[in-house]
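To keep things clear, I will list the structure first and then write my remarks on it.
The values are calculated or read from the model by the stated rules, or taken from the named source; none is laboratory data. The structure presented is a predicted model; accordingly, all values stated were derived computationally and were not measured. Every residue, glycine as well, gets a Cβ built from its backbone with ideal geometry; the counts of neighbours run over all protein chains shown. The protein model used for the area step is the full one, side chains on, heavy atoms only, and it has no ligands, DNA or RNA in it. Shrake-Rupley method; radii C 1.70, N 1.55, O 1.52, S 1.80 Å.
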Amino acid sequence: MRNTALILISALIIPVFVADKGKNYAKENVCQVLRTTGIDKFREMFTILYSQKFPYGTFEEVNCVADEMTKLAEKCCKDDASPDCYDKGATEISEKSCGKDSPFPKHPDIEQCCTLQGPERKLCLASLRYTSDELPSLLEPTNEEICTQHTEDGKSYAVRYIYEFARRHRSIPAGFVLNATQYHVRMAERCCHPAVKNTCFLQEKLQQSGFKIFLRFLSNNCNNQVNLKSYRSGLSAYYGNLLGVSFEEASTLSSHFQSGLEKCCLQPQPACIIEELTSFQKVLCNESKLEAMSKEFQRCCRKSPLDSYTCVDDLKRQPHHSSDLTHPLSSQLCKEAQPHGLDRYLFLIGVRHASISLPVMTTVLDQIKNTVTVCCSAADVTACLTEKESTLKKTTALLSKIDDTCLQYFKLELAAFKTMMQREAQGERAKMRAQAWVELATSCCFQHSPAQLCQKMTEEVIKYDNDTGV
């Protein structure tokens, strides 16, 4: 399946970039994929890609556009098809997308695309991508439910599983979604006939557990990469308190890891991310420095490259304090002679807090970064930093408050935690502020917190705290 999905999703936009190669360029690529994979896999890949692109589209809407694209390929890849068959068909589909009663998935920005014409419209439609909050995890059906649904219509069951799984993993390579679906369908085929076999299901799920854990790790990190601002700052702090290394070492690691994610998360083929993660594991588990690391970390590094990531992901991080973090801030942060001055400052703040999830940590560091960056552009940098010092101290102190809040959240029953948070809230505004903190804790204290939702909730808490002056 290498490169399959990339060719498919590019089919509508290729003519914009390769007009000099002729209108048949996109068609030739699509037809090559169709011949290589067969019609069923071809359609499944389209279902995955459009489920990822339009996670809030209904199953029927996603199914409809996948059907249209598959029929177009079938029709235009015949030997007697006209040379402009594919180009005309793609244009008709883009026009149908802009129709008032379009059966295809909807998107808030689709009207903007529909004001364009020709290749520009196709490019705009192909580049649409949702930035809304993540969907909740897919609930695992019971063995009996799997068998009932699979026995009724095995083919429809597989397509619907693809849709549900893909829309909940919209930032990972499509090939992984296809693999997960194949594992799941194979399990149903083996364990449902002639009757439900619970022992079989248990064995299959145990075999798939490593792959599922890796997918959770990958989905979380790709989601962070795609959606978080200042993600590299958060990553540097993460490696700093995971490994106890200096800013320079943590910065090198975070840069390497993020570059791999940036390059491969939205590439449909799994080979890219596997290659990048395998390469980074050699850097992370550097033999020359391994002896200085903890026994637990060394144990993780002895595992296979992909298994070592999920192992390291479960290790406990430790806070690290440095006397280098000083107040008031110096204009040296903005000097070109110290290009990493601000990054170092953010690292020294972040590395003090080992239990805050990356979406929350990154969002707070981004707020600090934005404040300092504004001052770096001011006529009088020192005066600006002095003026903003109380705001920066308050935002920095917020990390300690989040640390304490999450500690209480995990320690108390939910009802007791809510009561504690709302106890001193007097007035409507204070109650709203307390509720914002409760929502942040219940959604974002966990390590694998949803990036977009927690970024939004952290910004909300910062806003309430700034308004109240607390």
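Residue 283 sits with roughly 60 Å² accessible to a 1.4 Å probe, with DNA, RNA and ligands left out of the calculation.
Whole angstrom only: what separates the Cα centroid of region 216-288 from the Cα centroid of region 379-438? One Cα centre to the other: 29 Å. Here the sum of -39500 (n - 2.57) over DSSP H runs of 4 or more residues, divided by the residues of the chain, equals -22500 deg cm²/dmol at 222 nm, to the nearest 500. Expressed as a fraction of 2.2 N^0.38 Å, the C-alpha radius of gyration for region 332-470 is 1.14.
Report, as a whole number in µm² per second, the diffusion coefficient that Stokes-Einstein gives for region 257-328 at 20 °C and 1.002 mPa s using the Kirkwood radius over alpha carbon pairs.
Numbers: Rh = 14.2 Å.
Reported coefficient: 151 µm²/s.
Exposure check, 1.4 Å probe, all protein chains in place: residue 307 carries approximately 70 Å² of accessible surface.
For residue 82 and residue 383, calculate 0.36 nm times their separation in residues minus their Cα-Cα distance, and state this gained length in nm to one decimal.
Numbers: separation 301, 0.36 × 301 = 108.36 nm, distance 7.00 nm.
Fully extending the segment from residue 82 to residue 383 adds 101.4 nm.
For the chain, the spread of Cα positions along the three principal axes, ordered from largest to smallest, is 75, 60, 57 Å.
Computed from phi, the 3J(HN,Hα) profile of region 137-143 under the Karplus parametrisation 6.51, -1.76, 1.60 (θ = phi - 60°) reads 4, 6, 6, 6, x, 6, 4 Hz, with x in place of Gly and Pro. Dimensions of region 348-407 based on its C-alpha atoms, expressed as ranges along the principal axes with the largest first, amount to 42, 18, 15 Å.
Taking 4.7 Å between C-beta atoms as the pairing limit, the chain has these partnerless cysteines: 64. Ranked by solvent-accessible area (1.4 Å probe, protein heavy atoms only, all chains present), the residues 110, 349 order from largest to smallest as 110, 349. Of the chymotrypsin sites (Phe, Trp or Tyr not before Pro) in region 37-112, the ones in a loop by DSSP (not H, G, I, E or B) with at most 15 other beta carbons within 10 Å are 56. Counting Cα-Cα pairs of region 158-227 in 5 Å increments starting at 0 gives whole-percent bin shares of 3, 16, 24, 21, 17, 10, 5, 2, 1, 0. When the Cα positions of 218, 247, 358 are compared along the charge dipole of the chain, 247 comes out farthest toward the positive end, with charges on each C-beta of Lys, Arg, Asp and Glu.
Taking the Cα centre of the chain as the origin, how large is its charge dipole in debye, to the nearest 20, when only Lys and Arg (+1) and Asp and Glu (-1) carry charge on their Cβ atoms? Walk me through the intermediate numbers first.
Numbers: 56 positive and 57 negative charges, 118 e Å.
Around 560 debye, computed over the chain.
For the set 335, 27, the ranking by accessible area, highest first and with no ligand, DNA or RNA atoms included, is 335, 27 under a 1.4 Å probe.
How much length, in nm to one decimal, is gained on full extension between residue 229 and residue 129, taken as 0.36 nm per residue of separation minus their Cα-Cα distance? Each step should come with its number before you reach the end.
Working: separation 100, 0.36 × 100 = 36.00 nm, distance 1.71 nm.
Between residue 229 and residue 129, full extension yields 34.3 nm more.
Considering only protein heavy atoms, with the full assembly of protein chains and a 1.4 angstrom probe, order 61, 275, 287 by accessible area, largest first. It would help to have the intermediate numbers written out before the result.
On the way: 61 35, 275 120, 287 145 Å².
Listed by decreasing accessible area, they come as 287, 275, 61.
Just the protein heavy atoms count here, and of the accessible area of the chain at 1.4 Å, carbon and sulfur take up 51 percent. Probing with 1.4 Å while keeping every protein chain in the model, the per residue accessible area of region 136-279 equals 43 Å².
The amide H of residue 102, built 1.01 Å from its N in the peptide plane, has no neighbour under 5 Å, considering only residues 5 or more places off or on other chains.
Per residue, how big is the convex hull around the C-alpha atoms of region 40-162? Give it to me in cubic angstrom, could you? All intermediate terms of the calculation are to be shown ahead of the outcome.
On the way: hull volume 14.7 nm³, N = 123.
Cα-based convex hull of region 40-162, divided per residue, equals 120 Å³.
Annotation: residue 432 carries an accessible surface of approximately 80 Å², with a 1.4 Å probe and no ligand, DNA or RNA atoms counted. Using R0 = 25 Å, the C-beta based FRET efficiency linking residue 206 and residue 446 works out to 0.55.
Around the Cα centre of region 364-415, unit charges on the Cβ atoms of Lys, Arg, Asp and Glu (plus for the first two, minus for the last two) sum to a dipole of about 20 debye. In terms of overall dimensions, region 216-260 has a Cα radius of gyration and Dmax of 10.3, 29 angstrom.
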